[in-house]
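Undergrad: Below you will find the structure I want to go over with you.
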Amino acid sequence: KIKKTTSALFLEVTSAASLQTCKQVMDALVLKMAEINKYTLENQEDGSLSDPDADAVSGQPPDPSGSSGAEKAGSTALVVEQVRVLDEDGHLKVVYPSKTDLGLAAPHVTVIR
């Protein structure tokens, strides 16, 4: 379950048929998450991040400052850690995201290489 306080996720996309399909699905996931992150950061001044009822239901006490974990850390970009994809024999197949993955539409994504 993802909450406002979630700061790390592990996403895995697998397919026995196509590595390219996996990369396209992962690109779409990462770009959508970056878009949501950007929207959230742009609208935090509006108080849209503070939802005491939702926090109370999830078991998290409301944050009196109304700030998110990303804001506390000073983060404005989604951070993605580059990973190595290996075949069944342990040989390097691809590195994701490479410089060509995620396209040019990812200004709010920081890749740790």
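Undergrad: Does residue 57 meet the test of being under 13 Å from the mean Cα position of the chain (by Cα) and at pLDDT below 90?
TA: Working: under 13 Å from the mean Cα position of the chain (by Cα): no; at pLDDT below 90: yes.
No, not satisfied.
Undergrad: If you don't mind, another one. Determine if the range 104-113 includes at least one residue that is modelled with pLDDT of 85 or more, loosely packed, with under 13 Cβ neighbours inside 10 Å and assigned to a loop (DSSP other than H, G, I, E, B).
TA: For the range 104-113, residues modelled with pLDDT of 85 or more, loosely packed, with under 13 Cβ neighbours inside 10 Å and assigned to a loop (DSSP other than H, G, I, E, B): present.
Undergrad: Do you know which residues across the range 1-39 are of a type in the set (S, T, N, Q) and not in a loop (DSSP other than H, G, I, E, B)? Step through it out loud before you land on a result.
TA: Looking only at the range 1-39, we keep the residues that are of a type in the set (S, T, N, Q), and these are 5-7, 14-15, 18, 20-21, 24, 37.
Correct list: 20, 21, 24, 37.
Yes or no, residue by residue, for (1) at pLDDT 85 or above; (2) surrounded by 13 or more Cβ atoms within 10 Å (Cβ to Cβ):
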{"site": "1", "(1), (2)": "no, no"}
{"site": "9", "(1), (2)": "yes, no"}
{"site": "15", "(1), (2)": "yes, no"}
{"site": "20", "(1), (2)": "yes, no"}
{"site": "32", "(1), (2)": "yes, no"}
{"site": "44", "(1), (2)": "no, yes"}
{"site": "65", "(1), (2)": "no, no"}
{"site": "68", "(1), (2)": "no, yes"}
{"site": "79", "(1), (2)": "yes, yes"}
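The values are calculated or read from the model by the stated rules, or taken from the named source; none is laboratory data. All of these numbers come straight from a predicted model, not from anything done at the bench. Methodologically, a virtual Cβ is constructed for each residue, glycine included, from the backbone with ideal geometry; neighbour enumeration extends over all protein chains shown.
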